[in-house]
Amino acid sequence: MSPSAFTDKDARRNALLLATAMGLAGANASVVIATGGLVGRLLGPSPEWATAPITAFVLGSAISTLPAAWLMRRMGRRDAYRIGAGFGVLAGLLSAYAVREALFPLFLFSLGLCGVYQAFVMSYRFGAADGASASFRPKAISWVLVGGLASAIVGPQLVIHTKDLVPPFTFMPSYIGQAVVAALAVVALGFTRFASLPETPVAGEEARPVREILRSGRLRVAILCGATAQALMNLIMTATPLAMIGCAHGEGDAALAIQWHIVAMYLPGFFTGPLIARFGVYPVMMLGMLMLAGCGAVSMTGVSIAHFNTAMILLGLGWNLAFVGATTLVSEGLRPAERTRIQGINDFIVFSCTALASLAAGRVLAQFGWATLNMAIFPFVAIAMGLVLWLAFNDERREA
């Protein structure tokens with residue numbers, strides 16, 4: 001579809017389809033987060049390796065972001081997204097086999113493939129923004145994230161109702177179910193239609209060198225804030241099932257805590273876009289960072305199920321507000337020919353930071369405990385909030 005023929009009506013249609021695909025794809029991440037650490041504890045050589053499968057998942061995402069962006073430029077978003085979902089099908093089947101045969105290296109590899117799928121999924125928000133008007137763009141991003149609400153039900157409930165279906169291979173059926181859901185996403189993505197980039201950019205619309213684009217302080221702060229929100233969210237979310245089991249709570253309790261977390265991640269999608277349109281992106285990002293800090297504060301006050309659930313809800317809400325705000329900033333000011341490349345660089349940085357957080361989660365939890373892990377939230381939140389205030393101050397000074 002030519003860019004001139006692409007309207008907000010088309011953008012709304014894409015946003016709804018991508019929201020559906022996001023809901024289906026969310027089972028991929030939900031199953032991995034809810035079970036990866038527990039399977040890692042069973043199959044890994046020591047407790048410190050428990051979160052290695054989650055790290056493999058995040059590393060798979062980080063490594064795949066730039067190739068995924070290249071594939072989108074070469075093939076278009078629709079076909080690239082369907083290939084990504086195909087990786088999800090393969091990953092689920094391999095994970096199930098690895099659990100059945102107790103093959104820890106294969107399980108790490110298969111969760112890496114789950115991460116490849118996730119690299120494409122995280123680009124759905126940018127796909128929804130492409131071609132949308134400036135006023136609809138934040139709403140389109142939020143609509144896609146709303147689709148993740150379905151994953152709050154599909155993923156954890158898939159784990160709860162399938163994990164013991166084939167004893168003694170706990171969680172093996174969950175990964176088979178994840179493969180089936182990924183296959184449904186392949187079908188849903190086939191109905192999307194995206195505006196094609198012009199073969200010959202018009203004057204002034206040619207892609208600028210990446211170095212020139214990244215000189216923008218606004219873009220750099222947006223990338224850093226997005227990486228901070230994603231990494232902190234992953235740090236705490238990855239360790240939560242292990243911490244809950246360590247505090248004598250059940251596997252079902254841990255899965256439900258993740259379910260509450262995912263609901264909180266995506267439910268604000270109904271109003272995050274309008275909030276940004278009404279109050280501006282900076283106040284929304286600041287509120288999100290404060291909620292992330294609130295998660296750490298609650299986690300340090302107790303280890304009851306209520307404490308874990310409350311912390312997970314705050315973690316999800318904070319992530320949504322901060323991450324959607326950062327994504328909106330990244331999307332602003334990019335020319336059509338620059339979008340997939342810069343978005344790929346953004347996601348590569350975000351997932352690389354997230355991989356480090358995921359790798360640290362198991363070690364810090366095993367050596368220093370749950371409270372110390374949550375203390376790590378505060379300095380990063382403070383830095384991110386300072387940078388957002390700096391951007392807001394600069395904007396006011398330019399307008400004066």
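Read-outs: derived from the displayed coordinates by stated rules, not from any lab. All values reported here derive from a predicted model rather than from experimental measurement. Cβ atoms come from the backbone with ideal geometry, glycine included; neighbour counts cover every protein chain shown.
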field: Ordering of 248-254, 291-297, 234-240, 366-372 by burial proxy (mean other Cβ atoms within 10 Å per residue, highest first)
entry: 234-240, 291-297, 248-254, 366-372
statement: Put in order of increasing Cβ neighbours within 10 Å, starting from the fewest, C353, C114 give C353, C114
- request: Would you order W143, W390 from fewest to most other beta-carbon atoms within 10 Å of each residue's own beta-carbon?
  value: W390, W143
query: From the backbone phi of the range 337-342, what are the Karplus-calculated ³J(HN,Hα) couplings (6.51 cos²θ - 1.76 cosθ + 1.60, θ = phi - 60°) in whole Hz, Gly and Pro given as x?
result: 6, 9, 4, 5, 5, 5
- prompt: ³J(HN,Hα) across the range 42-48 via Karplus (A = 6.51, B = -1.76, C = 1.60, θ = phi - 60°), whole Hz, x for Gly/Pro?
  reply: 6, 9, x, x, 7, x, 5
task: Rank the residues I258, I223, I345, I383 as a footprinting-exposure proxy: fewest other Cβ atoms within 10 Å of their Cβ go first.
output: I383, I345, I223, I258
task: For the range 329-400 and the range 134-155, compute the distance between their C-alpha centroids and round to whole Å.
output: 20
statement: Mean-square fluctuation maximum in Gaussian network of the chain, Cα pairs under 10 Å, restricted to P209, P47, P67, hits P209
field: Placed amide H near T51: partners under 5 Å, 5+ positions off or other chain
entry: G362
- request: Considering only T272, T162, T51, give the residue with the highest GNM mean-square fluctuation for the chain, with springs between Cα atoms whenever their separation is below 10 Å.
  value: T162
Highest-MSF residue in the chain out of I262, I377, I305 [GNM, Cα springs under 10 Å]: I305
query: Along the range 287-292, what does the Karplus equation 6.51 cos²θ - 1.76 cosθ + 1.60 (θ = phi - 60°) give for ³J(HN,Hα), rounded to whole Hz, x for Gly and Pro?
result: 4, x, 5, 5, 5, 4
- request: Compute the Cα gyration tensor for the range 344-400, then decide on rounded, prolate or oblate, letting a ≥ b ≥ c be the square roots of its eigenvalues: rounded whenever a/c is under 1.5, prolate when a/b is larger than b/c in the other cases, and oblate in all that remain.
  value: oblate
